1. If I stretch the segment between GLN24 and GLU70 completely, what's the gain in nm (0.36 nm per residue apart, minus their alpha carbon distance), one decimal?
2. Assuming 0.36 nm per residue, please report the length gained on full extension of the stretch GLU84 to ALA98 beyond their Cα-Cα distance.
Amino acid sequence: MKRESNVMPNTLFRFVRQVASLAQKLTDAALMELSDPAGNGFAGWKHAVLLYLREHMSAEYKEVLDWAEEMERVRAVLNLQRGEFPAPSTLCKAFKRAS
């Protein structure tokens, strides 16, 4: 799946925005299992957005994280800067914690 780094299809961005909105509306209890059990790290809704994006793109964790980190609009939705995204192993652990 090849994309120019500065161009993001509007339909994919709408998907990211809708998933973020839905994930933020879920109860904290439903999202707590995605976050680090010690309470460190990323909010569960941010994990949920990245996990849904991974499924939607049929991509590896590293591919999704690399891609999302380069996309300004995705960073804005997630309120993250370059270099603030989780490691692929963190996202993998969040996926394993999900019911």
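1. Working: separation 46, 0.36 × 46 = 16.56 nm, distance 2.24 nm.
Stretched fully, the GLN24-GLU70 segment lengthens by 14.3 nm.
2. Using 0.36 nm per residue and subtracting the Cα-Cα distance, I get 2.8 nm.
Bear in mind that the values in this text are calculations on the coordinates, not laboratory data. Everything quoted here is computed from the prediction, not taken from an experiment.
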